[in-house]
Amino acid sequence: MQQAFDREGIESFKRELSITAVADRLGLCPVHGKIRCLHPMRHSHGDRTPSVSLSESKGLFRCWVCADVRGDVIELVSQVNNLSFRDALGWLKDMFPHAVLQASISNPSTTTAPKNPAPNRPIEKRVEPLLIPEPELPIVVPSAREEHWREKTILGFLKMLAPLEHPDSHGRFEARDYLVRRKIFLKTWNAMRLRWVDDYGRVNDALRRDFDGDLLREVGITNEHGNLRFYKHKLIIPYLDDKNRPLHFQARATEQDTTPKELSLRGHIPCPYNVKMLDQRSGLVYLCEGPIDTLTLIDRGIPAVGVPGVSHLKAEWIPLFQNKSVIVCFDNDEAGRTASAKVVDAFMSQGIDAKPLTILPDGTDINDWFTQNK
Ligand SMILES: [Zn+2]
């Protein structure tokens, strides 16, 4: 049964959808934010070089030739499948149930489900949020060219960093020591290409010399003053794709009481951590909260994938888990348990087997389990 959305509900629902994922589901084969026009005959060479741009940040599509080929995700479905607005909306709800769920959470007025009574006992809530929100970038359409420069900038930055077994000028190994305390060792540092900011001044100067300041700021490597953001967050954890290309990274604080514990880049996070584990072959995969828990399992040879933060499983990532049995091992705290239940539902609703890990003692995470249990 579908739940009716009011106007605000439709807007929340649209915000939960990735237009690229929708285009993919429609069979339009998006590549680098582009699809072929729905009216190829109006284009030279049948639009062999795609003319329709998809804007992930705005949720819009637009053909550069045809004035009538433009609009939002609902319009896209409507034009491709030749459906009315209402039927196109219904199609999207069927195809992206996770987005319906998320929209209902962010806009509870649209849901008819009874609300859970608030628990009475005091909850020790972790300082949450790991990710800076995606800002509205002044880019109308992120083009393949912009994507290309983003990737080049990330790669260039990572190349400036030191391997973890190189000391800083005082002979310290802060990132290495942090990981060793977490029982994550050399083989994993190398396999996952972990690096560290061993010399803030050197890296900052090199960035200013070699890169465009606006680009660095847009990607989220520097702050509004043009300085490297990772002063305390020295451990840099790249998100590699199946060809070991770093598409994204998170920076982890190496000292205990720094908050937030992790910093992320600005803009779109393209994939979960260790996405190459999602190879469409059948098998078990553990879904962790954050890269440190994921690395903990990887270090022990356990197949693991991570979401950047507890509430950051994107709807468009769910199909990547096709054919896997997913064990969700988020932290055993209130936030983790709530998110875990939602994530299990989201997988199950798309026919992917999923269940929560139930062995963790109250208030602990995967890394605690491996560092504190014998
Ligand atoms: Zn066109």
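Condition check ((1) more than 9 Å from the ligand (Cβ to nearest atom); (2) of a type in the set (A, V, I, L, M, F, W, C); (3) touching a strand residue (DSSP E or B) at 6+ places or on another chain (Cβ under 6 Å)) across all residues:
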{"residue": "Pro40", "(1), (2), (3)": "no, no, no"}
{"residue": "Ser53", "(1), (2), (3)": "yes, no, yes"}
{"residue": "Cys66", "(1), (2), (3)": "no, yes, no"}
{"residue": "Ile74", "(1), (2), (3)": "yes, yes, no"}
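Yes/no matrix, rows are residues, columns are (1) closer than 23 Å to His233 by Cβ; (2) buried (at least 21 other Cβ atoms within 10 Å of the Cβ); (3) among the basic types (Lys, Arg):
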residue	(1), (2), (3)
Gln280	no, no, no
Leu297	yes, yes, no
Val305	yes, yes, no
Pro319	no, no, no
Cys329	no, yes, no
Asp333	yes, no, no
Evaluate the following for Gly301: is it of a type in the set (Gly, Ala, Ser), in contact with a Ser or Thr (Cβ under 8 Å, 6 or more places away or on another chain) and not in a strand (DSSP E or B)?
no
Within the range 25-38, count every residue that is near the ligand (Cβ under 10 Å from one of its atoms) and either among the charged types (D, E, K, R) or surrounded by fewer than 17 Cβ atoms within 10 Å (Cβ to Cβ) (or both).
1
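Among the candidates Arg150, Arg217, single out the residue that is within 29 Å of Phe61 (Cβ to Cβ), in contact with a helix residue (DSSP H, G or I) (Cβ under 6 Å, 6 or more places away or on another chain) and basic (Lys, Arg).
Among Arg150, Arg217, only Arg150 is within 29 Å of Phe61 (Cβ to Cβ), in contact with a helix residue (DSSP H, G or I) (Cβ under 6 Å, 6 or more places away or on another chain) and basic (Lys, Arg).
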What's the number of the only condition in (1) over 30 Å from Arg145 (Cβ atoms); (2) of a type in the set (A, V, I, L, M, F, W, C); (3) buried (at least 20 other Cβ atoms within 10 Å of the Cβ) that Phe249 fails to meet?
(1)
Does Leu295 qualify as being modelled with pLDDT of 95 or more and part of a helix (DSSP H, G or I)?
yes
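Residues checked against (1) farther than 16 Å from Gln102 by Cα; (2) of a type in the set (Asp, Glu):
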| residue | (1), (2) |
| --- | --- |
| Phe330 | yes, no |
| Thr338 | no, no |
| Thr358 | yes, no |
| Asp368 | yes, yes |
Would you please name the residue that is nearest to Thr254 (Cα to Cα), looking only at residues in the range 153-165 that are assigned to a loop (DSSP other than H, G, I, E, B) and touching a strand residue (DSSP E or B) at 6+ places or on another chain (Cβ under 8 Å)?
Leu164
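The values are calculated or read from the model by the stated rules, or taken from the named source; none is laboratory data. Worth saying up front: this structure is predicted, and the values here are computed from it rather than measured. Counting neighbours? That spans all protein chains shown, and the Cβs are built from the backbone with ideal geometry, glycine included.
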